[in-house]
Amino acid sequence: MISAWSSSDATCSTVLPDRTSPLAGTSADRAERNGLILRPGYLDRAAQEVLLGVIREIIREAPLYTPRMPKTGKPMSVRMTNCGPLGWMTDEAGYRYQPTHPETGRPWPPIPDILMRAWADLAGHPHPPEACLINYYGAEARMGLHQDRDEQDFGAPVVSLSLGDTGLFRVGGTRRGDPTRSFRLASGDAVMLAGSARLAFHGIDRIIAGTSTLLPEGGRINLTLRCVTRVADAARSGAGKVIPLSFG
Ligand code: MD3
Ligand code: FE
């Protein structure tokens with residue numbers, strides 16, 4: 001649990017483990033981080049308020065914009081912005097990561113410390129996140145079933161934090177037709193996706209208005225922290241250091 005004053009807590013519940021893995025359901029499963037890990041109440045109210053203040057500052061610098069679907073240009077109901085060296089966006093030209101805001105042309109603001117600490121605490125991954133997508137759902141917004149596959153490294157987990165009204169989250173398997181389960185994601189909840197779950201189809205069916213007092217305007221904010229680029233194999237395996245040598 002990240003409270004405003006401390007940042008450690010031992011509780012962790014794993015759902016949707018890879019049932020084909022001999023490690024499923026064991027603590028080694030968690031160590032391998034294969035599945036969807038839900039941590040209800042990861043951020044207490046004070047920490048949610050601190051994080052919200054930081055997010056509001058980011059939105060002042062990098063305003064929420066209305067993303068559009070590839071090709072058709074159909075507007076999404078969710079509004080978005082980002083922080084980090086890279087940000088995810090979509091318009092007629094397609095889904096992509098880019099270093100600048102599509103409307104202001106300015107670089108995305110940096111990922112704030114409170115989010116870097118949440119990543120370090122939750123992700124169990126040796127590399128820092130490069131992108132934090134900020135989704136804002138008004139009462140009527142939703143997000144259709146999709147996979148997150150615009151990153152180069154699916155080996156890195158995705159970490160999600162929710163603020164404001166509860167969202168009805170749906171997650172299935174790695175094929176669109178696979179059976180799905182639903183979870184409520186409430187203000188302060190964290191979700192970690194790794195291993196096979198990293199490529200699971202997922203979406204937000206609807207927002208349950210009036211379930212949180214955090215946002216006076218109502219609605220829901222979701223933050224997803226991601227690694228985007230693939231780090232060099234040598235750096236990843238830790239097998240050795242690459243020493244470029246030039247002769248002659
Ligand atoms: C499961 N966001 O931004 S967060 C997205 O609540 C996105 O705004 C939703 O899907 C939201 O792409 C869901 C939880 C989440 C994030 C990434 C996942 C679940 C995931 C990646 C793979 C599987
Ligand atoms: Fe997604």
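A few remarks follow.
- Listed conditions (1) small (G, A, S); (2) within 14 Å of ligand 2 (Cβ to nearest atom); (3) closer than 23 Å to V50 by Cα are all met by A123, apart from (2).
- For the residues R176, R117, R96, the requirement of being in a strand (DSSP E or B) and away from ligand 1 (no atom under 11 Å from the Cβ) singles out R96.
- Exactly one residue out of T174, T213 is within 16 Å of ligand 2 (Cβ to nearest atom), more than 18 Å from L38 (Cβ to Cβ) and exposed (fewer than 15 other Cβ atoms within 10 Å of the Cβ): that is T174.
- Residue satisfying all of: in the stretch 133-159; within 22 Å of R206 (Cα to Cα) and touching a Phe, Trp or Tyr at 6+ places or on another chain (Cβ under 9 Å); farthest from ligand 2 (Cβ to nearest atom) among these: V159
- Being free of Cβ contacts under 8 Å to residues at least 60 places away in the same chain, surrounded by fewer than 16 Cβ atoms within 10 Å (Cβ to Cβ), more than 16 Å from ligand 2 (Cβ to nearest atom) and closer than 25 Å to R39 by Cβ holds for only one residue in P75, P179, P63, P99, and it is P179.
- Residue pairs whose Cβ atoms lie under 8 Å apart, sitting 6 or more positions apart in sequence or on different chains, and linking a residue in the stretch 144-159 that is without any contact (Cβ under 8 Å) to a residue 40 or more places away in the chain and part of a strand (DSSP E or B) to a partner that is more than 9 Å from ligand 1 (Cβ to nearest atom) and hydroxyl-bearing (S, T, Y), do not occur here.
- Looking only at the stretch 195-210, residues that are assigned to a strand (DSSP E or B), hydrophobic (A, V, I, L, M, F, W, C) and buried (at least 19 other Cβ atoms within 10 Å of the Cβ) come to 2 in all.
- Members of the stretch 57-74 found to be under 17 Å from M143 (Cα atoms) and in a loop (DSSP other than H, G, I, E, B), listed by number: L64, T66, P67, M69, P70, T72, G73, K74
- Candidate set from the stretch 125-157 (those that are under 23 Å from E57 (Cα atoms) and within 11 Å of ligand 1 (Cβ to nearest atom)); member that is farthest from the chain's Cα centre (by Cα): A141
Bear in mind these aren't lab numbers, they're just calculated from the coordinates by the rules spelled out. Being a predicted model, the structure only gives us computed values, none of them experimental. Note that we place each Cβ from the backbone using ideal geometry, even for glycine, and neighbour counts take in every protein chain shown.
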